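Nothing in this text is a laboratory measurement; each read-out follows from the coordinates by a stated rule. These numbers were taken from a predicted model, which means no experiment stands behind them. Note that we place each Cβ from the backbone using ideal geometry, even for glycine, and neighbour counts take in every protein chain shown.
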Amino acid sequence: MSTITQFDTQSVRLWNKPQPDTHDVVKYPRSFVAPPRLPLGFRQLDIDKGANIRAKATVDNIRNDSAEFHITSWADTTLYSGIVDALNLAPANLDFLTGTHMRNLLSDPQAPSAVRINFERPFVTPPKVVTFFNHIDLDKDRNWRLKTTATNIDTKGFTLNIETWSNTTLYAAQAGWIAYPEDREHIYSTSVNTMDVRAWNKPQANQSKALTFGNVEFFKTPNVFMALNQFDFQAGKNLRVRAYPDNVSKQGMTWHIDSWSDTTLYSAGVTIIAVN
């Protein structure tokens, strides 16, 4: 079955020693007979307010037992810290389809906010599809608002949406996606949001809520993948957000979405995948 690999820039350097490319070779919780697929997304970010909000997560040198993870910024952006989660999918695990899509308004100012993604092969019934961000580039002078969702899901594909709103200036964003059969055993996925517990216009630093895995059965405590799929921050203060689980059991968990220091977090959403 699947495992989760996590890379934290602070395993390599201190938060206050930023560098454009923080990377390390990370071993998976268990080895595979061939290099796995590693769809990945941001779980935590801390980016300075003084330049555009630019961050990218990538992985290369993928081997049977490890891969090299990178969290990078570019130009004059200062990224203090970041954490990414990757879902480790064995090559023979054909139930899962994955991919990415970049909406790049720098190279194509007319790039649409919604695109049709066609699966490599059809599902028997409409699958579960989750989305999350692994590349963002937003102007520093207007509030940072971004959202990705999957809509119009059918057996052959879905619509991938990468949207902003109000006066936010988006230069580019990339969303990763994972699709799997809706009746797949021992896996649970959902999207949660700070607005599940409070209104967007009542910002606060810490949000949490318990959730249950419903009728999904796990044979042991599941691993949990978490990655950002939406956020709304006030510009002029550093972008700081951290998502994490606790109290994980075979029946459920508690999710947390936090900011800290003087950051104003209006809202943030996270994709959750719990899997054995």
Shape call, segment 37-132: gyration tensor on alpha carbons, a/c limit 1.5: oblate
Cα-derived Rg over Rh, computed across segment 1-93 with Rh taken as Kirkwood radius: 1.02
Cleavage-rule hits (trypsin sites (Lys or Arg not before Pro)) in segment 133-220: DSSP loop, at most 16 neighbouring Cβ within 10 angstrom: 142, 156, 184, 198, 220
Label point distance in nm, residue 208-residue 167, each placed 7 Å from Cα along Cα→Cβ: 3.7
Where chymotrypsin sites (Phe, Trp or Tyr not before Pro) fall in DSSP loop in segment 146-180, at most 13 other Cβ within 10 Å: 165
Rough spin-label spacing in nm, given labels placed 7 Å along Cα→Cβ, for residue 75 and residue 93: 3.6
Shape call, the chain: gyration tensor on alpha carbons, a/c limit 1.5: rounded
Filtered trypsin sites (Lys or Arg not before Pro), segment 24-112: DSSP coil and at most 14 other beta carbons within 10 Å: 30
Relative contact order (%) - segment 1-93, alpha-carbon pairs under 8 angstrom, separation at least six: 45
Zone residues, segment 77-98, relative to residue 260, backbone N less than 20 Å from point 7 Å out along Cα-to-Cβ: 78-85
Most mobile listed residue (135, 101, 70) in the chain, GNM with C-alpha springs under 10 Å: 101
Summed side-chain charge close to residue 262 - residues other than residue 262 whose Cβ falls under 11 Å, Lys, Arg +1, Asp, Glu -1: +3
Kirkwood Rh, angstrom, segment 130-276 [1 / mean 1/r, Cα pairs]: 16.3
Spatially proximal lysines relative to residue 140 (Cα-Cα < 22 Å; intrachain offsets below 8 disregarded): 17, 49, 56, 237
Candidates 214, 157, 82: whichever shows maximal mean-square fluctuation once the chain is modelled as a Gaussian network with Cα springs under 10 Å: 214
